[in-house]
Amino acid sequence: MIFFKMPKMSIGNRTLPLPIIQGGMGVGISLAGLASAVAEQGGMGVIAANGIGMIEPDYYADGRAANIKALRSEIRRARAMSKGLIGVNIMVAANDFPQLLDTAIEEKVDALFMGAGLPIKNIPVARIRAANVLVVPIVSSGRAAELIFKYWQKTYHDVPDAVVVEGPLAGGHLGFKAEKLQDADQALEVLVPQVIAALESFQEAFHKKIPVIAAGGIFTGEDILRFLQLGAQGVQMATRFVATEECDADIRFKEAYLKCAPEDIVIIKSPVGLPGRAIRNKFLDNAAAGVRNVKRCAWRCLDQCDIKHADYCISVALDNARQGLLDQGFAFCGANAYRVEDIVTVHALFDSLKHEYEAALVGDLVTLKDEYLQTIENRLAGLRRDYRQARQRLCRLGAEYSRAWERKVNSIIEEYHKARNLSDMLRDEYESAFKKLNLFKERFPEKLAELQALLRQFQTDLVLAPAL
C-alpha cells in the first residue's frame, strides 16, 4: 500500500523520490559509481571532493589542479550514468575549497554539502543561485546551524536550503570532542529537534521550508522511520553504502567492514587535530605507538595538518585504504560498521531499507492499535468500576431512604395516635360538658322560680323587719 511507503523529500525546488542521501566519503570512496547508483534508486548520490585528485596520476605534481580535474570528471561521469540528483561534499577547511566550490557550481550539481567548518565567509551565493544549486551545510549542533543562518541572513540576505545534522555515531572526522561522544545530550535524537527549533524563525522570515537531515549511526529502515517521526525530513547514510558493489573503493576496503567486530571500531586522533572513527588495524596501532609513516606531502591541503609532526598523512592513508592497501592506511567507518554482513547492490540495499521501513511502520501501527485497544479496555474497566461503585452507593442511599422513611412514617403514626387520643379525650370532655349544660338548661326554669320566690320572700322580710 502507498500508505506504508517512504515519503518523498523536497529540498528547495528539488524532490527526492526517497528521503535518503548517501553521505560523501573521501578519499575516493564515494565517486561517480556509487553516487549515480544511489541517484538511480531515488536517493541523492554524493561525490566526496576531499582528496579526490588522488585518483589522478598527476596528483603529486599539482594536487590542487588534480582535485579540480577529478571532481569535474566525476560529476560529468555521474551525470552520464544517472538522471537522478547528484550532490558534492566539500570540506570548508580544505585549502582548495574555493576552487572545488567553483567547479561544482560550474557543473551545476544539484546540491552542495559543506562541512568540516562553517560555510559562511566568501560564499558566492549569487552564482550558486544563478546555477540553481542547493546549499546544505553539515552541522553538529543547533547553535552551529543558527550561527550559519544568521550570518547568511545578514551578509547574503539569503539562507541555505537544508541542513544535515551529524551525530556522534558518524564515521570519519567528528564535530565533537572525544570526551563528549558518549554524552546523552549529544545523541542524534537530541540534536535533531534542537536544529529543527533553531531553523523555525528562518523558515518564517524567508517563507520556505528548510528540511533537517539526520546523519550518523542510521543503519536500517527502522532508523529512518524513527528520525522522520522525530521531525527530520530525510536521512544521510554512508556506512551502509560502503558494502555495495557500486561503491568506488577496493573490495578489500569493503571486506574490512564485513570482518570488523564492535571492539575493532575505535576513536582516533587524526593528524588534523580532530577525533575520528575508524576500523582499528596494525597501521593505526603503529601510529598510536608513535611510529611515523610519512614519506611526502603532495601539497598543504589542510592548514590544520602539520606534516612535520604528524605520524602519517591522512590523505595518503585514506587513499591507500581506498586501493585496498590497508597495511599502509585505514578505513574510516560509522559506529555500526560491525553490523554489515554482506556486499550487495545499491538496488538491493534500497529494497532492504524500504522493506525495513515498511515493516517498522506496520509494527508501529500494530503497537498503536494495541495501545488504543488497551486504552479502550482500561477505559471500559474504569467505567465498569465506576458503575459498580455508583450502584453500590445507590443501594446504600436506597436503604438509608427506606430506613428514614420508615422512621418518618412511624413518627407520623405515633403523632397521629397521640392526636387521636387527645381528640378522643377532648370529645369526651365536650360531651360531658354538653350534657351538664343540657341538664342545667332543663333544670334552670325550676331553679329560677325557686330563686325568684326566695327573692320575693327576702324582700318581704326586709319590709316587715323592724327597724333597728
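The values are calculated or read from the model by the stated rules, or taken from the named source; none is laboratory data. Everything numeric in this text was worked out from a predicted model, so none of it was measured. Glycine also receives a Cβ, built like all others from the backbone with ideal geometry; neighbour counts cover every protein chain displayed.
Points worth noting:
- Residue within the range 92-101 that is assigned to a strand (DSSP E or B) and within 34 Å of the chain's Cα centre (by Cα) present: yes
- Members of the range 81-102 found to be over 14 Å from Asn122 (Cβ atoms) and out of contact with any strand residue (DSSP E or B) (no Cβ under 9 Å at 6 or more places or on another chain), listed by number: Met81, Lys83
- All conditions in (1) of a type in the set (A, V, I, L, M, F, W, C); (2) surrounded by fewer than 18 Cβ atoms within 10 Å (Cβ to Cβ); (3) out of contact with any helix residue (DSSP H, G or I) (no Cβ under 8 Å at 6 or more places or on another chain) hold for Ile138, with the sole exception of (2).
- Scanning the range 229-246 for residues that are touching a helix residue (DSSP H, G or I) at 6+ places or on another chain (Cβ under 9 Å) and either surrounded by 20 or more Cβ atoms within 10 Å (Cβ to Cβ) or on the phi > 0 side of the Ramachandran plot (or both) yields Gly231, Ala232, Gly234, Val235, Met237, Thr239, Arg240, Phe241, Val242, Ala243, Thr244, Glu246.
- For the range 332-367, the set of residues classified as surrounded by fewer than 19 Cβ atoms within 10 Å (Cβ to Cβ) and basic (Lys, Arg) consists of Arg339 only.
- Whichever residue in the range 47-56 is crowded, with 24+ Cβ neighbours inside 10 Å and in a loop (DSSP other than H, G, I, E, B) and, among such residues, is farthest from the chain's Cα centre (by Cα): Gly51
- In this entry, Ala278 is excluded by the filter for residues that are of a type outside the set (Lys, Arg), under 20 Å from Lys177 (Cβ atoms), touching a strand residue (DSSP E or B) at 6+ places or on another chain (Cβ under 9 Å) and free of Cβ contacts under 8 Å to residues at least 40 places away in the same chain.
- Of the residues making up the range 185-193, one or more are more than 30 Å from Phe350 (Cβ to Cβ) and either modelled with pLDDT of 95 or more or not in a loop (DSSP other than H, G, I, E, B) (or both).
- Positions within the range 141-172 being part of a strand (DSSP E or B) and either surrounded by fewer than 22 Cβ atoms within 10 Å (Cβ to Cβ) or acidic (Asp, Glu) (or both), in sequence order: Glu166
- Single condition Leu181 does not satisfy, out of (1) within 22 Å of Ala331 (Cα to Cα); (2) without any contact (Cβ under 8 Å) to a residue 60 or more places away in the chain: (2)
- Contact map, the range 303-328: residues that are of a type in the set (S, T, N, Q) paired with residues that are part of a loop (DSSP other than H, G, I, E, B) and modelled with pLDDT of 80 or more, Cβ distance under 7 Å, separation 6+ or inter-chain. Pairs shown: Gln304/Ala93; Ser315/Val27; Ser315/Gly51; Asn320/Gln328; Asn320/Gly329; Gln323/Asp250.
- Residues (part of a helix (DSSP H, G or I) and not small (Gly, Ala, Ser)) located in the range 7-46: Leu34, Val38, Glu40
- Cβ separations smaller than 8 Å between residues 6+ apart or across chains give the following pairs from the range 71-97 residues that are basic (Lys, Arg) to residues that are assigned to a strand (DSSP E or B): Arg79/Ile86.
- The set of residues from the range 173-191 being more than 19 Å from Val92 (Cα to Cα) and surrounded by 22 or more Cβ atoms within 10 Å (Cβ to Cβ) comprises Leu188, Leu191.
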